[in-house]
Amino acid sequence: MTQQLLQQLVEMRGIETRYVDAWGNPATIAEKSKAKLLNVLGYDTSNDEKIQSQISADIASVWLSPLNPVSVVRSTEQINLPVRLPIELVNDEHVITITCEDGKAIEHNFIPVDQEMMTMAHIDDVEFHEYVVTLPFSLPLGYHDVTLSADNDQLGTSRIIVAPQACYTPSEIQQGKKTWGLSVQLYCVRSEKNWGIGDFSDLALLVEKAAAVGADFVGLNPIHALYPANPNACSPYGPSSRRWLNYLYIDVTAVDGYESDPVQEIVNNETFKKTLEHARSEDYVDYEAVAHIKLTALKAVFDVYEEKYLRNNTKQNKAFKAFIEAGGESLDMLATYDALQSDLHAQGKESWGWPVFPEAYKDYYNPAVEKFKKANKRQVKFYLFLQWIASQQLENASSKAIECGMTIGLYRDLAVGVSEGSAEIWGNKDLYCTDASVGAPPDILGPLGQNWGLPPMDPRKLYEQGYQPIIDLFASNMASSGSLRIDHVMALLRLWWVVKGDNAKDGGYVYYPVDDLLGILALESHRNQSLVIGEDLGTVPEEIRSKLADNGVYSYRVFFFEQAEDGGFFSPSHYPVQSMSTLTTHDMPTLIGYWHCLDLELGKDIGLYPTEEILQTLYTDRHENKQAILDTLHGHGSVGHEVGRDVNYTGMDKALNHGMQVHMAGGSSALLSLQLEDWLEMDKPVNVPGTFNEYPNWKRKLTENIESLFERKDINELAAKLTQSRKHASANK
């Protein structure tokens, strides 16, 4: 009986028991994994009686709610609202009142028994009926509030989200323009002026330089807020908040007040200058050094700026207050968290995240936190100030892209989750399952499976919260950009949950309301005029690929993964038009690293491969793949005779490197993204998936300043060839 009840609960909560793995083979999650996943969702699975009781409680909670928390409909669809009522009310007149986003109110009167009845149930000996009420009018795109009432008594509330059919695409791309752009990890950027880490001024300069040689976009790593008091927690994919920005990208020298005497006295101090020089000269970002000099200087700038502008009725103060008001509770939460973590760190207390905060501070809504906030008002204000300055500088870079005529401009990257100790979880504990983590089952990139240490959102809680957390995420990450890349876009359909303490391979898939989430994505995409790219790599069911395409989401096509069954590589001219193509990603080796198998050597050194047999298979596959690549390139005339035809005698050089990039540029995908690392012929990767301390992930800098990079003849010649190939591909669409 237990297994039957468990299976019923598993299905109710959207836990997938069977799936197709990365190699196309059927796979099943273990029975013990089902129970563990239910446990982290809050269920007691210790005996039949408890399981049955919880199933009954879940069913009852639905029937006792007259309206669903939220409904997402497309603009061309009729709006049907399920209404659940006890039988004694079904003959009474009811009123549905819809308050549109613009404040306009619309009423619809109905008698439940006259509507189509869907189903019925008995809850605590009371008979309930569910009807479908079809609204006799359409609603504009947007977010609309719903109330259900009878005899002036409010019975329930809901929200209707009306979304367009598909995400936004710029008109030039709709008309067939083929674009190319550069992808960059912003922290990697070297320049003549930055403080040991790329910043938003570097980004504006990179935009200007790239646009001048034909690029239509610059793609970024996630620039989410990390941890000012814990700078070595530097993964852009394990942020504190995905709604706000990493203050380390602020160009301190561009902030009003930097030139003042008090600030100049600090930055011209010999110790400060020595630390700055160290941070600039290192080949890997020294996050502790960068954080130290930036926070020191920014606090001094804030003192000057506050005295000059924020204590008076200035336009700057009005703008600052408007920013704080618009940011609402989410912004206050982050600033409070950063101030509190900084204070605990200064006291020498363990402070990596809220799980180790003193008990009174473990929740944003605790009275002690409010007391701390009032007692440390100015420190909280400083972190609000950092977010304000960061948003202004990012907007300046985005405006530069528009000014330079880029078709897309900046494209931002939305991480799949936040880390366990994050401000985002600290302020919304109900939404996250902190006893589990997001990851991936074993696949080609990670044969052991992956555990990313990111607690997942509970899909039911997300639904109960009217999808507001997702709305806020999409809207904030589409700001100051022309496109949004969604990392691990399968998260809109399902996520691989790994219970704390288990191996990644022992996890299971939990499903999310994909159609609702795609509707919201389409709505925010149009509101922000942001093209959407979905990173659909790894274990991807076909159902999500076609669904994403129908919803206007651009696929992600990586050359090395686009292979036919015979081992040959598909021509980029066969890629979907509705896609962004690329040679490599931040999770892959560079072109040199791939060709010379440096990633396999590194993986062996740090123990990524369970057996020597697996490693040797990878070497053999790589050798065969490289020969197939040479065959493809020569077959399409993408490289000349200076590039050899035999893999045994052909190394990666500039001719092969540039030939591969130009080969991609002749393809059919609307967007082509190229890595600056490959322009610079670098060999070390940005990130090695599945590693933590084994490799210095998210730290390796570019080998050249962006100022000199774009003065190089070979770089300008490559850019010209890319632009010409893209124009040719557009003409042949």
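Read-outs: derived from the displayed coordinates by stated rules, not from any lab. Small disclaimer: the values here were computed from a predicted structure and weren't measured. As a convention, Cβ positions derive from the backbone with ideal geometry for all residues, glycine included, and neighbour counts pool all protein chains shown.
Annotations
- Dipole size of the stretch 76-163 about its Cα centre, with +1 on Lys/Arg Cβ and -1 on Asp/Glu Cβ: approximately 400 debye, rounded to the nearest 20.
- Once divided by 2.2 N^0.38 Å, the Cα radius of gyration of the stretch 29-126 becomes 1.49.
- The stretch 457-584: C-alpha gyration tensor shape, a/c 1.5 cut-off, then a/b vs b/c: oblate
- Net charge dipole size for the chain [Lys, Arg +1 and Asp, Glu -1 on Cβ; Debye, nearest 20]: 1780 debye
- Acute angle (nearest 10 degrees) that the helix 468-478 long axis makes with the longest principal axis of the chain, alpha-carbon atoms: 30 degrees
- Counting charges near HIS144 (Lys, Arg +1; Asp, Glu -1) among other residues having Cβ under 12 Å from its Cβ returns a value of -1.
- Loop trypsin sites (Lys or Arg not before Pro), the stretch 228-325, which have at most 16 other Cβ atoms in a 10 Å radius of their Cβ (DSSP): ARG311
- Taking a straight line from the alpha carbon of LYS377, these lysines sit under 25 Å away, with near neighbours fewer than eight places off in the same chain left out: LYS294, LYS299, LYS308, LYS315, LYS318, LYS321, LYS349, LYS362, LYS429.
- A simple count of charges around ARG494, restricted to other residues whose Cβ falls under 11 Å of its Cβ and scoring Lys, Arg +1 and Asp, Glu -1, yields -2.
- Distance histogram in 10 Å bins (all Cα pairs of the stretch 16-60, percent per bin): 24, 40, 23, 12, 0
- Helix 377-403 vs. the chain, principal-axis angle (Cα, 0 to 90°, nearest 10): 60 degrees
- Summing Lys and Arg as +1 and Asp and Glu as -1 over all other residues whose Cβ lies under 15 Å from the Cβ of GLU565 gives a net charge of -4.
- Computed over the stretch 2-62, relative contact order equals 32 percent, with contacts defined as Cα pairs under 8 Å that lie 6+ residues apart.
- Under 13 Å from the LEU141 label point (7 Å along Cα→beta-carbon), backbone N, the stretch 73-104: 74-76
- Computed over the chain, the per-residue total of -39500 (n - 2.57) for DSSP H runs of n ≥ 4 gives a 222 nm mean residue ellipticity of -12000 deg cm²/dmol, rounded to 500.
- nm² value of the averaged projected area, convex hull over the Cα atoms of the stretch 76-163: 6.0 nm²
- Helix 48-63 axis, angle to the chain major axis (alpha carbon atoms, nearest 10°): 80 degrees
- For LYS104, a cut-off of 16 angstrom between C-alpha atoms picks up these aspartates and glutamates, skipping any fewer than 8 places away in its own chain: ASP145.
- Each of THR271, THR179 was scored by other Cβ atoms within 10 Å of its Cβ. Arranged with the fewest first, they read THR271, THR179.
- The stretch 467-529: relative contact order in percent, alpha carbon pairs under 8 Å with at least 6 residues between: 40 percent
- Size descriptors for the stretch 422-519: radius of gyration and Dmax over Cα atoms are 14.1, 40 Å.
- Diffusion coefficient of the stretch 181-290 by Stokes-Einstein, Kirkwood radius over Cα pairs, 10 °C, 1.306 mPa s: 105 µm²/s.
- For the chain: relative contact order, % (alpha-carbon pairs under 8 angstrom, 6 or more apart): 16 percent
- Compactness of the chain is given as radius of gyration and Dmax, 27.2, 85 Å, from Cα positions.
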